[in-house]
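Taking it in order: structure first as structure tokens, then the write-up.
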């Protein structure tokens, strides 16, 4: 092999190394996961469902230390309860029914929102927000777009007012502070429905 050929091969190697993409990295991580961390017996239905924001700073797996299979995670803009969120929850309920039902014992439904959320930047786009929530613009103020603590309370109240959800599920509302990494309990866990409504 000539010096020119060695240099050419080395340059090709460096070019490939420098152009390794995010996609390649993700595939490499997956191979590592499959080889070293893959659990074979993950239950279909865990004991918790978390509705959270798509913001990459607020991944519930990291924020709450979740392991694979510990929670169903539904993520959307703002971690809000929208018609699409409720539709997804209804489909998951049906999957659980077909698959043998939800696990026995406590089931936690957790609304997880956060400080400095990007949804607050949309408060000047009422048409988009009204469409997102499936309401008229006159109802946007009640959604507390700019206040995550008030928004969590609003969304927990929306879940409590949804009769299709099992009344014995425990619902709570959390706000994650992106500046400190801590979660604040805004709405402590309580049954979705009062005991009288179960009768």
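The numbers here are math on the coordinates, done by the rules we state, and not lab data. Keep in mind that what you see is a predicted model, and the values were worked out from it rather than measured. Heads up, the Cβs are rebuilt from the backbone with ideal geometry, glycines too, and the neighbour counts pull from every protein chain shown.
Cβ crowding within 10 Å, taken as a proxy for footprinting-reagent exposure, orders 114, 36 from fewest neighbours to most as 36, 114. Here the range 95-199 is described by how far its Cα atoms reach on the three principal axes: 44, 35, 29 Å, from widest to narrowest. Computed log10 I(q)/I(0) for the chain at 0.10, 0.11, 0.14 Å⁻¹: -0.54, -0.62, -0.90, from the Debye equation with unit scatterers placed on every C-alpha and solvent omitted. Using a Gaussian network model of the chain with C-alpha springs under 10 Å, which one of 34, 61, 150 is most mobile by mean-square fluctuation? Of 34, 61, 150, the most mobile in the Gaussian network model is 34.
Taking the DSSP bridge list for the chain and keeping only pairs wholly inside it, about 25 percent are antiparallel. Legend: Rg and Dmax of the range 76-132, from Cα coordinates, 15.3, 46 Å. Start at zero, step by 10 Å, and the Cα-Cα distances of the range 146-185 spread as 27, 45, 22, 5 percent across the bins. Mean residue ellipticity at 222 nm, helices only, the chain: -11500 deg cm²/dmol; runs of at least 4 DSSP H residues each add -39,500 (n - 2.57), and the sum is divided by the number of residues.
Relative to the longest principal axis of the Cα atoms of the chain, helix 148-160 runs at roughly 60 degrees. Dimensions of the range 21-124 from C-alpha coordinates, computed as largest minus smallest value along each principal axis and given longest first, are 47, 41, 21 Å.
Residues 93, 40, 143 in ascending order of nearby Cβ atoms (within 10 Å, fewest first): 40, 93, 143.
Relative to the longest principal axis of the Cα atoms of the chain, helix 3-18 runs at roughly 10 degrees.
Counting beta carbons within 10 Å around each of 80, 29, 75 and listing the fewest first gives the order 29, 75, 80.
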